[in-house]
Amino acid sequence: MLGHAHEAAGVSTTPEKVSTGVVGLDAVLGGGLPAQRLHLIEGAPGTGKTTLAIQFLMEGVRQGEAVLYVALSETVDELNAVARSHGWALEGIHFHQLAPSEESLSPESQYTILQPAEIELGERTWSVLEEFDRIKPTRLVIDSLAELALLAHDPLRYRRQILGLKQFFAGRNCTVLLLDNVDRSTSGVESIAHGVVQLEQLAPIYGSERRRLRVTKLRGARYRGGYHDFVIETGGVHVFPRLIAAEHHIAFTAEEVSSGVPEFDGLLGGGLQRGTSALFVGPAGVGKSVLASRYAAAAAERGECTAIYIFDEGTETFLRRSEGLQIRLREHVEAKQVQLRQLDPAELSPGEFDHLVREAVEGTGARVVVLDSLNGYLNAMVEERAVLMQLHELLSYLRQAGILTLLTVAQHGLIGDRMQAPLDVSYLADSVVLLRYFEAAGQLRRAISVVKKRSGAHEPTIRELQLGPSIHVGEPLREFSGVLTAAPVYLGNTTELLQRNEDD
């Protein structure tokens, strides 16, 4: 959902935007922060407010602007330490430190600590204004409002102080960021600020912390609503704007895509179609990943790029298994036709994963995307309530880009009629391929069938799937009943079945 810009008498009131210098944040803000306005960045300690503010000022320096950082709660040395951790040089940023120094703790200067709070508040405020008039910055950061609130004591006086600052900066060609703690009782600062950005840090039961932000207010400007994941890495804050599939559409030709296994293509009624998604469902080890890798290799052989994201095993294991079935995936990876990435669900946010997929599609031109498996993807969002909505949005994006998307889901258990997937996502996929183990004459066999295909007709038969030394799809299992329950009943001649086993 987007915030709406207000217009009067046909004249747009949308102010000029300034870049924040934060990757992805300008896209969320609809191009940047409205210039010459006062904005509030709020969040609990550790959410990244200071890092974001420094990036905002560094962007101003890059554009040749005068910028000022007013430090009320941190020292310049502490800010320099933050910069060094990101490999930054802060030349060009003017710092005005008002945090208590060592000298303020000496007996000779104790009277400055014991003076009335309202006098200290007034002195600090005038000090900021004097420094502003001296530097004349076009970008200003005040870190943080918590110190001013403590000195003001009275909420009404604190609010008046913020209003006074807003009036002072009005018309002075300066974009101001006020940093504040969201877990502190504010006194209506959100209503005073032109824009409000909230930063949050979530602590899952297992894995590293996850961060997200939300623009709760941006007067007179359009912005991307909702939560957006972000990370703090070496180099600063990186925001991943929430994916909206409706904003992305690429013209493509709807054609059948071959797996390179004619019998499997026949089972699918000619193959899978571009701009659709296919779900391979079955117990562990039944062949879901093998079929997906066969599609990836076939795409590479046609000169197309493929992106494979694996959550449950290592890349070397994935490649060796493919080689054992005569799927030459490794050479395609080395030729950069196939992008193979192993992802750790405990370290990944949904927004970051969407960003990786978009990079593969829009950056490297991937035409086939494989998620192996959805179990790992779901684990990455175990605490996300809207997991199905997020997956639906990702699949919709890939569908509109003409990408063939292959998903694998491992069901709980190996045999029996009570196998279930961790989450029912079959309705999201355009095609569903079901794989099963079954026993016949003392041998463990695999069965494959297509139970759904929206884009065309498919065979209603159940066929035998053989893995090794290559992939082979056999004839329909017409002499069996109950194969999909993993408890088949053989209706043919037992002698013929044994003969078939010997031939195999």
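Across the stretch 258-282, the number of residues qualifying as of a type outside the set (A, V, I, L, M) and more than 28 Å from the chain's Cα centre (by Cα) comes to 11.
Matching residues to (1) open to solvent by less than 10 Å² (accessible area, probe 1.4 Å); (2) touching a Phe, Trp or Tyr at 6+ places or on another chain (Cβ under 9 Å); (3) touching a residue at least 60 places away in the same chain (Cβ under 8 Å); (4) farther than 14 Å from residue 35 by Cα:
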{"position": "133", "(1), (2), (3), (4)": "no, no, no, yes"}
{"position": "136", "(1), (2), (3), (4)": "no, no, yes, yes"}
{"position": "141", "(1), (2), (3), (4)": "yes, yes, yes, no"}
{"position": "151", "(1), (2), (3), (4)": "no, yes, no, yes"}
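The residues of the stretch 74-87 that are open to solvent by less than 50 Å² (accessible area, probe 1.4 Å) and either of a type in the set (Ser, Thr, Tyr) or not in a helix (DSSP H, G or I) (or both), listed by number, are 74, 75, 86. Remark: pairs (first residue in the stretch 42-68, part of a loop (DSSP other than H, G, I, E, B); second residue open to solvent by less than 30 Å² (accessible area, probe 1.4 Å); Cβ separation under 7 Å; 6+ apart in sequence or on different chains) = 47/199; 48/199; 48/237; 65/139; 66/135; 66/137.
Can you confirm whether residue 277 is free of Cβ contacts under 8 Å to residues at least 40 places away in the same chain, open to solvent by less than 10 Å² (accessible area, probe 1.4 Å), polar (S, T, N, Q) and in contact with a Leu (Cβ under 8 Å, 6 or more places away or on another chain)? No: the conditions fail for residue 277. Here residue 470 meets each of (1) modelled with pLDDT of 85 or more; (2) surrounded by 14 or more Cβ atoms within 10 Å (Cβ to Cβ); (3) in contact with a Leu (Cβ under 8 Å, 6 or more places away or on another chain) with one exception, condition (2). Scanning the stretch 332-351 finds no residues that are among the hydroxyl-bearing types (Ser, Thr, Tyr), out of contact with any His (no Cβ under 7 Å at 6 or more places or on another chain), surrounded by 20 or more Cβ atoms within 10 Å (Cβ to Cβ) and part of a helix (DSSP H, G or I). The conditions of being touching a residue at least 24 places away in the same chain (Cβ under 8 Å), aromatic (Phe, Trp, Tyr), open to solvent by less than 10 Å² (accessible area, probe 1.4 Å) and not in a strand (DSSP E or B) are not met by residue 309. Quick one: is residue 410 within 29 Å of residue 209 (Cβ to Cβ), modelled with pLDDT of 80 or more and among the small types (Gly, Ala, Ser)? Judged against the criteria, residue 410 is a match.
The values are calculated or read from the model by the stated rules, or taken from the named source; none is laboratory data. These numbers were taken from a predicted model, which means no experiment stands behind them. Quick reminder, even Gly has a Cβ in these numbers, built from the backbone with ideal geometry, and neighbours come from all protein chains shown. Just so you know, the surface numbers come from the protein's heavy atoms only, side chains and all, with ligands and any DNA or RNA stripped out. Shrake-Rupley method; radii C 1.70, N 1.55, O 1.52, S 1.80 Å.
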